[in-house]
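Some notes on the structure that comes next.
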Amino acid sequence: MLSIKKVNKKYKDNQVLDNVDLEIGRGELILLTGINGSGKSTLLKIICDITEYDNGEVELEKGLKIGALIENPVFIENKSIKANLKFLADLNKNYNYEHIKNLCQKFSLDIENKVDIKDYSVGMRQKLGIIQAIMENQNIILFDEPTRGLDNTSSNKFIELVKKLNSDKKTIIICAHDGVDEIPFNRKFTIDKEQLYECID
């Protein structure tokens, strides 16, 4: 499904990723750890084709749809929930009002709320970031610190959601320091000194 071979990435003179190899199959649930600045977000951005890598190979199965929440979610600040999510889904002509409404309800958000996003809390914006990453039935989903800013109830909702997505054979990669202990990852990796290592229990 996803193949990364000998990928290198530098920011100026700072080597972030050094000959990273990773093979991921359909339906895998993966945890990626590492200290701040270790390259976790950079690797996710490379997978999404947001960030260019210096050399190596990244191959994705043809027809894959990627959903992602990486770092702080960005929205149109003077628009509502509905306007933002509709805008994003319409980019792929894939807007399903009832489906998105149900996702919002799971996280105690009202899709018809007219309040602009600029007035939303960090936690509420995080919930929207999670929703936009999954609302188009994406095959591979990337979450970067997804429970940041979430209260306990919302964190539990997120964990339930991940379990359901994984049961539907979605491939999920989560970068996190905490808040994901209850997620049944089948593989775990860490980035240390620019290298990617698989953790063996």
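What the table below lists for this structure:
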quantity	calculated
Any hit, the stretch 24-34, residues being without any contact (Cβ under 8 Å) to a residue 60 or more places away in the chain and either touching a strand residue (DSSP E or B) at 6+ places or on another chain (Cβ under 6 Å) or among the polar types (S, T, N, Q) (or both)	no
Residues of the stretch 40-63 classified as open to solvent by 70 Å² or more (accessible area, probe 1.4 Å) and assigned to a loop (DSSP other than H, G, I, E, B), total	7
Strands (runs of 3 or more DSSP E) wholly inside the stretch 131-201 that include at least 3 residues being touching a residue at least 12 places away in the same chain (Cβ under 8 Å) and surrounded by fewer than 19 Cβ atoms within 10 Å (Cβ to Cβ)	187-192
Members of the stretch 70-106 that are assigned to a loop (DSSP other than H, G, I, E, B) and among the polar types (S, T, N, Q)	Asn72, Asn78, Ser80, Asn92, Asn94, Asn96
Ser3, sole failed condition from (1) touching a residue at least 40 places away in the same chain (Cβ under 8 Å); (2) polar (S, T, N, Q); (3) not in a strand (DSSP E or B)	(3)
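Residues are listed down the side, and each one gets a yes or a no for (1) closer than 26 Å to Arg187 by Cα; (2) surrounded by fewer than 17 Cβ atoms within 10 Å (Cβ to Cβ); (3) of a type outside the set (Gly, Ala, Ser):
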site	(1), (2), (3)
Asn8	yes, yes, yes
Val16	yes, no, yes
Asp21	yes, yes, yes
Ser38	yes, no, no
Lys65	yes, yes, yes
Ala68	yes, no, no
Asp90	no, yes, yes
Asn96	no, yes, yes
Cys104	no, no, yes
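The values are calculated or read from the model by the stated rules, or taken from the named source; none is laboratory data. Computed from a predicted structure; not experimentally measured. Because the Cβ atoms are built from the backbone with ideal geometry, glycine has one as well, and the counts that use them run over all protein chains shown. Heads up: the accessible areas ignore ligands, DNA and RNA and are worked out on the full protein's heavy atoms, side chains in. Shrake-Rupley method; radii C 1.70, N 1.55, O 1.52, S 1.80 Å.
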